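Report on the structure given below.
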Amino acid sequence: MKLKNWMLLFVVTLLIPTFGSAQQVLTQTLRGTVTDKETNEPLIGASVQVIAESGKILGAGTDINGKFKILGVPLGRVQLLVSYMGYDTRKVSDVLVHSAKEVVLTITLEEKLQTVRELVVEAKKDKGRANNELVLVSGRSFSVDQVNRYAGGFNDPSRMAANFAGVAGGGNDQRNDIVIRGNSPMGLLWRLEGADIPNPNHFGSQGANGGPVSILNVNMLSNSDFLTGAFPAEYGNAQAGVFDLKLRNGNNEKREFIGQVGFAGIELLAEGPIQQSKGSSYMMSYRYSTLSLFSTLGIQFGNSGIPNYQDVSFKFHFPQTKWGDFSVFGIGGKSNTKLLDSEKKGAERANLPIAQDIDFGSAMGVIGATHVLRLGAKSYVKTVLSTSGEANTVRVDTLNNANTPYLLLGRNTVNYRQSLHSFVNYKYSASQSYKLGIIVNNLGGIMKDSLWLNPLQSYFSRLNFHENTRLLQAYLNYNYKLGARWQLNAGLHASYLSLNGSYGIDPRASIKHQLNESHALSFGYGKHSQIQPLLTYFTKTLSDTFNQIYATTNKELQMSEAHHFVLGYDWMIGAKTRLKLETYYQHLVKIPVTQNPSYFSTLNFGADFIPVYADSLVNTGKAHNYGFEFTLERFMHKGWYYLFTASLFESKYLASDNIWRNTAFNGNFVVNALVGKEWNVGKSKNNVLGVNIKVVSSGGRRFIPINEAASRANGDVVYELEKAFENRLPTFFRSDFKLSFRQNTKRFTQEFAIEIQNIFNTQNVLNQIWNPATGRMQTNYQIGFFPVPFYRIYF
């Protein structure tokens, strides 16, 4: 069946439920809490108005605990208007209401500045601004609704973030690694509920910060922040960006469930009250690989490479105890796959570059507890205790013609962390606030590998250690609002690594000037220090081949440093459209490179998604990134929305050979165009039909060229290292499409969707490798036309 006929059939199938018997008008409950943004104090008597798409207005006031409840809210997208005497009125737009799940919100208000004369400038609220008010440059918030709506995202926050200015994927459609402004994905900090966590992806490895499938459950996330430069002092040990993720609380009045089947797996989520009178709640989910389940049932999709994975997420919230508010949270997942050349036959086997069986497994987990204690009306203390870790197991066997396996590589690695993060937030006045915090980390690693080396005719161990160290961090942040036009955020972040006594003292500052109600200028600077991966510190050098004596030559490496400068301009075009321009320059120093002249730099870690072993490194490398970014965004209004972003950038580094080169991530440009529309359908307009289209074009991946003639003569691959990263693969281009239908009934809400990645089947090059079996170059391509059906039910 042709694609257009197949799509027409699918649309008709989606619309069938809208032409049934007469539908009644459905409504839902909307409730939540209103608090002071700085102190978390509940605001008693705040006014909350709900404005429906039809123009209908409903309202309520908050009680002694700052809580409100509004019954009979029409389905669809509504707008909230929240006001309180002495505070700025806040407009909350694009709140999605459907029939099977209550809407529970936490809304924060900012105290008005008391000035001698009447306020003359009231800035239009920027819906894209980060939730963290200390972020004045290079940051934005994102919602769960955006993650669900955007085509090509597969309900993955990382893939959704690739639509934002300054962000590129890792050059591989099968993965969600994030490249920010030409930096390595290893420079990204993941933070969950205030705890710094390891790479939250299935099939992650020590040499990457992404993976094919996210462990994060988007159904459990609250609105979160994504930062791309010059971030505030509370964030440390990161040079590229920050993903600051928040989990929502479970429903504390009513039991609710979500079931779904899609790209990420088969999932069930349950939430509800623990003790309704105290407002405590639970939320738990479990997910299992769709293909694994089919395989278990005897439905096979080939014999090699079935991705097996499962994960769990949970949060328990206890908000009204004698000693404050407590939460316990966690996420965790494990995954494995086998790539078996031993099961390939005929020409497929004969044309393999090297016949190997690969068994790969990974695991990741974090468990934490948070405590919030209010200290009067002006301050509170928040403490987060967490333990987390990630692990990998790899076995690679080479195969002879008789399929006899010979161990080539065995590797087992574990990274773990125990962490305490505690801060006090003090609101001195409506215009001034302070945040003082400490982060104490115990970092450890257990890593061992064994690699067969033909020249030695023996196994060589690059890693063999069980070590731990401490990373101590402290920060101070000061936020000052000078009238309605100026806001200043300044701070200092200090870090110390006990392993070798290295430290970083990082000043941060940003300022925003509101020119008038629609236009604003901003500037930010930040120094950002980051330690090296534990694997790098403890990589061993074989100093005596005969006696098998090893030396640890990287242990004294210092922290790398990045200086970020950002200049931005914002224009709120009316209430629904935003234009944002930013230009930036980043100067990176103390980058580890080899002592002997070579192209090597740790800035290229993460390019191949595998661990990189390099010994005898020194902190003499440097680099710079600079670029310009454009964002034009229409927020959801009357069913329409769009997001256009463009990034032009340059990313260069200097290694020990004293030659300025492109980094592995210097794609030079990324352009995204995304547009979507929703229609209310059905007799009572209870149901929603949605379409989303996305187009992306970006510079191809940088690569190290292969000398074909030398490789043919040598019988094995020979690289032209002196030309490392000079050229790019052909320009990447992809179009994605998503068609969705949401049906609201009295008892449940269900969603059907079909998401098609690369709808025009564009042949994008993944890499080019030397195939010794054929004596020729081999081009591998990325994912072609890839349809993924999706179903979700709320009940």
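List of remarks:
- The base-10 log of I(q)/I(0) for the chain, evaluated at q = 0.06, 0.11 Å⁻¹, reads -0.39, -1.38 [Debye formula, identical scatterers on Cα atoms, solvent excluded].
- Spatial offset of segment 528-607 relative to segment 734-795 amounts to 32 Å, using the alpha carbon center of each.
- From helices alone, the chain scores -1500 deg cm²/dmol at 222 nm; the rule is -39500 (n - 2.57) for each run of n ≥ 4 DSSP H residues, then divide by the residue total.
- Inter-site label distance for residue 286 and residue 485 at 7 Å from Cα along Cβ, in nm: 6.1 nm
- Lys/Arg +1, Asp/Glu -1 at C-beta; the chain dipole; positive extreme among 579, 757, 314: 579
- Potential lengthening between residue 454 and residue 56 on full extension [0.36 nm per residue; Cα-Cα distance subtracted]: 135.6 nm
- Modelled label reach - residue 778, point 7 Å along Cα→Cβ, segment 441-472 residues with backbone N closer than 13 Å: none
- Taking only the alpha carbons of segment 365-449, we obtain Rg and Dmax values of 23.4, 78 Å in that order.
- Placing +1 on the Cβ of every Lys and Arg and -1 on the Cβ of every Asp and Glu, with nothing else charged, gives the chain a dipole about its Cα centre of roughly 1960 debye.
- The convex hull around the C-alpha trace of segment 534-606, projected and averaged over every direction, spans 8.2 square nanometres.
- Here segment 525-601 is assigned +1 on the Cβ of each Lys and Arg and -1 on the Cβ of each Asp and Glu. Its dipole about the Cα centre then comes out at about 280 debye.
- Cα centroid of segment 446-513 to Cα centroid of segment 222-266, whole Å: 22 Å
- Förster-model FRET efficiency, 41 Å R0, residue 428 and residue 468, C-beta, rounded to 0.05: 0.55
- For segment 601-719, the pair-distance distribution built from all alpha carbon pairs, in bins 10 Å wide starting at 0, is 10, 24, 24, 18, 13, 8, 3, 0 percent.
- Separation in nanometres of the label points that stand 7 Å from Cα toward Cβ, at residue 401 and residue 650: 5.5 nm
- Surface analysis of segment 650-795 yields an accessible area of 45 Å² per residue, using protein heavy atoms and a 1.4 Å probe.
- Equivalent ellipsoid semi-axes - Cα gyration tensor, segment 655-782, angstrom: 48, 18, 11
- Each label point was placed 7 Å from the Cα along the Cα-to-Cβ direction; for residue 769 and residue 409 their separation is 1.1 nm.
- Under 5 Å between amide hydrogens, built in the peptide plane, is the criterion, and for residue 553 it picks out 541, 616 among residues at least 5 positions away or on other chains.
- Added length on full extension, which subtracts the Cα-Cα distance from 0.36 nm per residue, residue 222 to residue 713: 171.0 nm
- By accessible area, using a 1.4 Å probe on protein heavy atoms only, the chain has 58% of its surface on carbon and sulfur.
- Shape category assigned to segment 456-575 from the gyration tensor of Cα positions, a/c cut at 1.5: prolate
- Potential extension, residue 374-residue 517 segment - 0.36 nm per residue separation minus Cα distance: 48.1 nm
- FRET efficiency estimate (nearest 0.05) - Cβ-Cβ, residue 549 to residue 723, R0 41 angstrom: 0.70
- Ranked from largest, the principal axis spans of the Cα set of segment 432-494 equal 73, 23, 12 Å.
- Taking the empirical scaling 2.2 N^0.38 Å for compact globular proteins as reference, segment 705-766 has a Cα radius of gyration ratio of 2.21.
The values are calculated or read from the model by the stated rules, or taken from the named source; none is laboratory data. Everything quoted here is computed from the prediction, not taken from an experiment. Using ideal geometry, Cβ is built from the backbone for each residue, glycine included, and neighbour counts are taken over all protein chains shown. SASA here: full protein model, heavy atoms, side chains in, ligands and nucleic acids out. Shrake-Rupley method; radii C 1.70, N 1.55, O 1.52, S 1.80 Å.
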